[in-house]
1. Assign one of three labels to the range 132-205, namely rounded, prolate or oblate, based on the Cα gyration tensor with a ≥ b ≥ c the square roots of its eigenvalues; rounded applies when a/c is under 1.5, prolate when it is not and a/b is larger than b/c, and oblate otherwise.
2. For the range 390-446, take N as its residue count and report Rg(C-alpha) divided by 2.2 N^0.38 Å.
3. With Cβ to Cβ distances under 14 Å as the rule, what net charge do the other residues near residue 168 carry (K, R +1; D, E -1)?
4. Between residue 472 and residue 51, what is the label-to-label distance in nm when each label sits 7 Å out along the Cα-to-Cβ direction?
5. Given only helices, namely DSSP H runs of n ≥ 4 each adding -39500 (n - 2.57), what is the per-residue ellipticity at 222 nm of the chain, to the nearest 500 deg cm²/dmol?
6. Mind grabbing the accessible area of residue 301 for me, 1.4 Å probe, Å², rounded to tens?
7. What is the range 70-149 by shape, rounded, prolate or oblate, if you read a ≥ b ≥ c off the alpha carbon gyration tensor as root eigenvalues and call it rounded for a/c under 1.5, prolate for a/b larger than b/c, and oblate otherwise?
8. Based only on Cα atoms, what Rg/Rh ratio does the chain have, Rh being taken as Kirkwood's radius?
Amino acid sequence: MRILFVSSECVPFAKAGGLGDVVGALPKALHALGHDVRVLLPRYGFIPHHEMSQLPAPLGVPLGAGEAWCGVWQSHLPSSEVPVYFLDHQGYFGGAEIYEKGPGAPHDAARFGLLSRGAFQLSRYLGWIPDVMHVHDWPSAWVPLLLNGPESAGEFAQTASVLTIHNMAHQPKFGPEALAQVGIPEHEFRADSIEDFGRVNPFKGGCYHATMVTTVSPRYAYEIRTEDGGAGLHQVMDHRGADLVGILNGIDEDVWDPRTDRYLPAHFSAEDLSGKAVCKQWLQQEMGLDVRPEVPLFGVVSRLSHQKGLDVIIDVIDRLLAMDAQIVMLGSGDPILEATLRSRSAWADGRFAAVVGYNEALAHQIEAGSDFFLMPSRFEPCGLNQLYSQRYGTLPIVRAVGGLDDTVQQYDAATGQGTGFKLWDLSADALVHTVAWALSVMREQPQRFAEMQRRAMLKPCGWDVAAKSYVDVYRWSLDRVR
Ligand code: ADP
C-alpha cells in the first residue's frame, strides 16, 4: 500500500508533543511490514536543510485566489528508508514556531491549509498517488475535506483518508474566510461538516469527512463519545462510532531503550538493574538533590497544561516530600505553572528540583533515574511518558483515564501483579494516598517492587502490534472508497 502521512510534527525534526513521536515512529513500523510509506512535513525555520536534497522544480500549491510557490526538500526518518518531504515556504513556515502563538492564531489556517493542499500537489509531482492519506489532528484535517470535495474526481478518486486524533482538546477555530483560503467549498460551512458555532473548525470537518477515524487508545475512543470527554464533538464522534477505532501507541524502541539510550550515564536492562542506580545517583547530583540511594525519587516530565493535572502535584509537593521522598520535575508551557515551579525550586532544599524548559536529554535521564513517575492527567488520549517509564523500570502513578488506564496494570496486593498504581479521583488526597501506597510497596516489599519493575520493563511496547492494526484500518478504509 502507498501511504502518505501529512503532519505538522515528526520526530526528530519537529515535536510539540506525542503526535510528533507517533509520526516519527509508526511509518518505520509500516515500512517494516512492506508498505510504501512517506511523510510530508512543513520545513519550519528551525529545520536545517544542508543535509537534504531538493526536488528540482518548485511546487505551485493553490492557496486563496492564487498559488503559493514552495520548495520541497527530501530526507528520511533516521535509521530507515522512509522518505520525508519538507514543504518550504519562508512566509508561512520560516518562523521559529510549529504553531502560531496568540489569540485565534489566524495564520495557522493558511499555514496548514497550504500543507494539506501541498500533499496533493506533491503526490502529483512525484507521480505517486497514495492509497491512503493518513492525517493527524486539526492541522492536516483539511485533507479529508479536500479529498471529498475539490480532489474527489481525478487521480485521488480511489484514495482513502484516515484521521488520527491525538488530542481532542486542540481545536482552533477560524473565521469563515478560511474556507476560500484553503479551497473548501462554501457548502461545507454547515453544522454536519466544518461549521462550529459560526466558525470554521477543521478538526470537526475532518472527523465528518475522513473515511475512518482512529484515536490513540481504546479507552479514549470511548471517552470522546461522551459529553465529558468529547471536547464539544462527542455527538460527531458518536455519529462516526462505527468508523472509530482506538489503537494504542507504541514507543520508538530505537530511541527509548535503557540498554542503549545515548543520554544516560549508565545503561541497564530487566536482567541487570544496577545501571539504574547509577542513573539515579547521577540525576540526584545533577539536579542538586541529596544523593541518597534509598530515598524514593518521583519524576515528572510534562507539558505544563491543565490537562496534565500538574496543579494537583504542585498542591501536594510538601505532603509528598514529608514522606521522605524527592521530586524532580521538567516541563514547559503554561506561564503561571512555569512561574510556580521556578519559585518553588528557588527554595529547594535537596529534596525538590524543577527545570522549566524543553530538554530531551533530561527527559530521558528523569525516566531512567526515578523510582516512580507521576502522571495524574485530567484526560490522556494515550500518553507516552507512562510507557517510557515502564520501559525504564520507573513505576507510573497515573490517573485511570484514557490510555493511562489501558497501558498501566494496577498493582494487586493479593498477587503482587501489576506495573503501576492508579488513582481515580483527581484530588490532592487521592494522589497522596496512592503515593503512600506505592511507597509502602517499595519500602516494605522490595522484592515485589523489583518484580514490578522487571515486569514493567518486559511489557511489549513497540510499534509492531499497532502498525498491524493501522494496516487493518487502511484496508477497511480502502474497502469503503473502492
Ligand atoms: P502530550 O502529547 O499530551 O504532551 P505525551 O505523553 O503523549 O503527552 O507525549 C509527551 C512527549 O513529550 C513525551 O515524549 C515527553 O517525553 C515529551 N516532553 C513533554 N514535555 C517535555 C519537556 N519539557 N522536555 C522534554 N520532553 C518533553
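1. Numbers: a/c = 2.24, a/b = 1.21, b/c = 1.84.
Here the range 132-205 falls in the oblate category.
2. Values: Rg = 11.1 Å, N = 57, 2.2 N^0.38 = 10.2 Å.
So the range 390-446 has a normalised radius of gyration of 1.08.
3. Values: positive: 173, 204, 219, 225, 240, 378; negative: 137, 196, 223, 227, 228, 238, 380.
Taking every other residue near residue 168 into account, the sum is -1.
4. My value for the distance between the label points is 3.8 nm.
5. Values: 17 runs with 180 residues, N = 482.
-11000 deg cm²/dmol, from helical runs alone.
6. Roll a 1.4 Å probe over it and residue 301 shows about 20 Å².
7. Here the range 70-149 falls in the oblate category.
8. Values: Rg = 22.8 Å, Rh = 23.2 Å.
Reported Rg/Rh (Cα atoms, Kirkwood Rh): 0.98.
The values are calculated or read from the model by the stated rules, or taken from the named source; none is laboratory data. The structure displayed is predicted, hence computed values, not measured ones. No Cβ is skipped: glycine too gets one built from the backbone with ideal geometry, and neighbour counts run over all protein chains shown. When the accessible area is computed, the model is the full protein with side chains, heavy atoms only, and any ligands, DNA or RNA have been set aside. Shrake-Rupley method; radii C 1.70, N 1.55, O 1.52, S 1.80 Å.
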